[in-house]
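Structure first, commentary second.
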Amino acid sequence: MLLISVSIGVYHAVKARGQQSNSQFLLGDRQLRAVPVAMSLTASFMSAVTVIGTPAEVYHYGAIFLTFCISYLIVTIVSAEIFLPIFYRLNITSTYEYLGMRFHKTARYIGTSFYIVQTVLYTGIVIYAPALALNQITGFDLWGVLVATGLVCTFYCTLGGLKAVVWTDVFQMGIMISGFLAVIIRGAVIQGGFERIWNISYHGGRLNFWDFDPNPLRRHTFWTIVVGGSFMWTAVYGINQSQVQRYIACKNQCEAKLSLYFNMIGLWITATCAVLTGLTMYSIYYQCDPLTSKQVRALDQLLPYLVMDILRDYPGVPGLFVAAAYSGTLSTVSSSINALAAVTVVDFIKPHATFSEQKLSWITKGLSLLFGVICIGMAALSSLMGGVLQAALTIFGVIGGPLLGFFLLGMIFPCANSIGGISGLAVSFVLTLWVGIGGHVYPPLSDQTRPLPLSIAGCLFNESSDPVTGSPWTTPIPVTELNSRPAIADTWYSISYLYLSPLGTMVAFILGLIISLLTGGRKNKVDEKLLITKKDLLCCFCFTDRSEVKDTKEKLDETADRGKANPSFSHQEPTYSKKQDHILSMTKL
């Protein structure tokens with residue numbers, strides 16, 4: 001699997017040798033097709049975190065995770081019909097160019113910096129996850145595996161650019177699904193069919209698809225997943241550079257929208273496979289939990305343990321699972337590295353220096369290599385962050401939520417200005433960071449997270465005693481539950497991690513609007529191309545040809561660089577044509 005992934009990168013590097021421009025390296029000359037881009041989108045953010053974390057989540061908390069499929073539907077429609085048309089007609093490379101066009105270059109730099117921090121943290125987690133799996137299965141050195149994973153990925157990403165990223169993702173997506181299917185099929189054979197897996201899961205309380213408890217402190221309910229999950233994944237598919245960069249690289253807007261809708265189907269398939277894998281694992285261990293019996297040290301090691309338990313007699317099949325975990329990592333890390341290099345070049349280097357396309361291409365490749373090394377270093381810290389699934393999603397909530405509010409503020413309200421937008425972003429980030437860190441230091445109690453019961457009644461050792469110490473079984477209570485736990489820990493810090501994203505979005509949005517109105521935002525004049533219009537909302541599958549927007553980016557960049565579009569930074573008013581003045585008048589009416 002590693003060899004084929006590297007070969008794809010080498011192939012695209014050789015194919016484009018001597019003629020690869022920076023645009024080709026970052027956007028594939030905007031000639032990509034819907035199906036490979038869709039598979040790439042699915043592979044990137046349903047990665048090793050999904051392969052390792054989701055089955056363990058289902059095993060411990062039940063199949064309510066499948067409710068995320070409703071969120072994926074909402075997110076796909078919003079991203080395809082609202083965010084995509086705006087980014088597409090602006091003909092941009094970095095999503096944070098929008099913030100410079102709409103507000104001021106300072107907003108662009110802040111948005112890019114937030115994205116870099118978020119992506120480096122997330123990428124560190126998805127490098128760590130499969131390294132943990134391989135360590136559990138083979139005994140290979142954890143940190144050696146971690147470094148090898150990062151280096152292989154960095155190598156082919158640096159060589160081949162976005163096309164290599166997309167086509168390796170297509171290959172790796174197939175490997176991930178194959179890894180899930182190997183576990184599901186073998187589990188069904190052991191249990192004598194899916195009916196027994198379903199019955200055991202039902203009687204064990206794992207088929208808890210519908211929980212309408214409105215309490216925001218509950219970790220997973222219908223409302224936290226549908227509402228909180230929709231905000232969180234909109235921040236990923238609507239404004240996150242790693243995702244947006246690929247669908248705006250499609251050859252036309254129709255292909256770009258189709259890639260998002262095909263991606264939704266891919267997310268449904270992947271989530272279903274992950275949930276079925278978790279239920280299969282529960283049906284095998286429902287009477288002898290490996291975690292309680294200390295056969296594994298952490299929840300994220302359950303699936304690797306299962307693979308070695310039920311597939312050890314089938315040569316090569318445990319390796320298929322290892323390849324699936326690796327595939328998830330490589331698909332995510334490669335897209336992240338490519339996107340990090342893109343935003344750094346486009347947002348920080350190009351506005352201040354003039355280089356030829358050839359030189360920019362080499363600079364971008366150098367940055368890809370640098371960010372690969374940084375992400376490997378961050379992976380070392382991921383071992384301190386607890387379960388990989390919740391840690392990854394918490395990062396998206398803390399940083400992605402405020403950024404989403406910032407973008408929506410600019411897209412919806414012409415009166416929004418830079419002072420209001422940046423102030424709202426800063427306050428909402430501090431707020432979500434406070435809750436996120438508090439929830440990590442003081443984890444919610446079990447009556448809020450509500451883990452489902454596990455049993456060791458069927459284990460071969462004495463069921464009344466610990467096989468290691470010989471003492472009676474007890475459930476250890478964390479020290480934080482016994483003493484020194486402040487009252488705020490059971491309220492504010494215990495809010496569901498999925499609500500961090502809507503919390504950050506709403507605070508940034510509302511506070512930004514209020515401050516904008518108080519600082520002269522009503523005097524703003526904003527180009528209609530930067531706003532969500534009635535056409536965007538009511539005319540689904542209306543497409544914009546690239547020829548219609550070829551010079552939009554240059555015109556808006558000039559305005560943004562001078563700071564004229566925002567009276568909070570300059571008292572000069574931009575000049576507009578009569579047609580634009582008419583559009584602005586109609587918008588006010």
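Observations, loosely collected:
- Of all residue pairs spaced 6 or more apart or on separate chains, those with beta-carbon atoms under 9 Å, a first member in region 373-390 that is under 19 Å from residue 328 (Cα atoms) and of a type in the set (Gly, Ala, Ser) and a second member that is surrounded by 23 or more Cβ atoms within 10 Å (Cβ to Cβ) and at pLDDT below 60 are 382/388.
- Residue ranges of helices (runs of 4 or more DSSP H) in region 77-188 with at least 3 members within 20 Å of residue 233 (Cα to Cα) and modelled with pLDDT of 85 or more: 84-90, 105-138
- Residue match in region 353-367 (condition: touching a Ser or Thr at 6+ places or on another chain (Cβ under 8 Å) and either on the phi > 0 side of the Ramachandran plot or of a type in the set (Phe, Trp, Tyr) (or both)): no
- Qualifying residue in region 67-74 (condition: of a type outside the set (Val, Ile, Thr) and more than 21 Å from the chain's Cα centre (by Cα)): no
- All of 145, 117 fail the test of being surrounded by fewer than 24 Cβ atoms within 10 Å (Cβ to Cβ), out of contact with any Leu (no Cβ under 8 Å at 6 or more places or on another chain), more than 16 Å from residue 44 (Cα to Cα) and of a type outside the set (S, T, N, Q), apart from 117.
- Of all residues making up region 292-309, the number that are in contact (Cβ under 8 Å) with a residue 40 or more places away in the chain and part of a loop (DSSP other than H, G, I, E, B): 5
- Selected residue [over 24 Å from residue 420 (Cβ atoms) and either modelled with pLDDT under 75 or surrounded by fewer than 18 Cβ atoms within 10 Å (Cβ to Cβ) (or both)] from 545, 557, 561, 536: 545
- Selection within region 276-297 - under 17 Å from residue 196 (Cβ atoms) and either touching a helix residue (DSSP H, G or I) at 6+ places or on another chain (Cβ under 9 Å) or polar (S, T, N, Q) (or both): 276, 277, 278, 279, 280, 281, 282, 283, 284, 285, 286, 287
The values are calculated or read from the model by the stated rules, or taken from the named source; none is laboratory data. Because the structure is predicted, anything quoted here is derived from the model rather than measured. Here the Cβ is made from the backbone with ideal geometry for all residues, glycine too, and neighbour counts use every protein chain on show.
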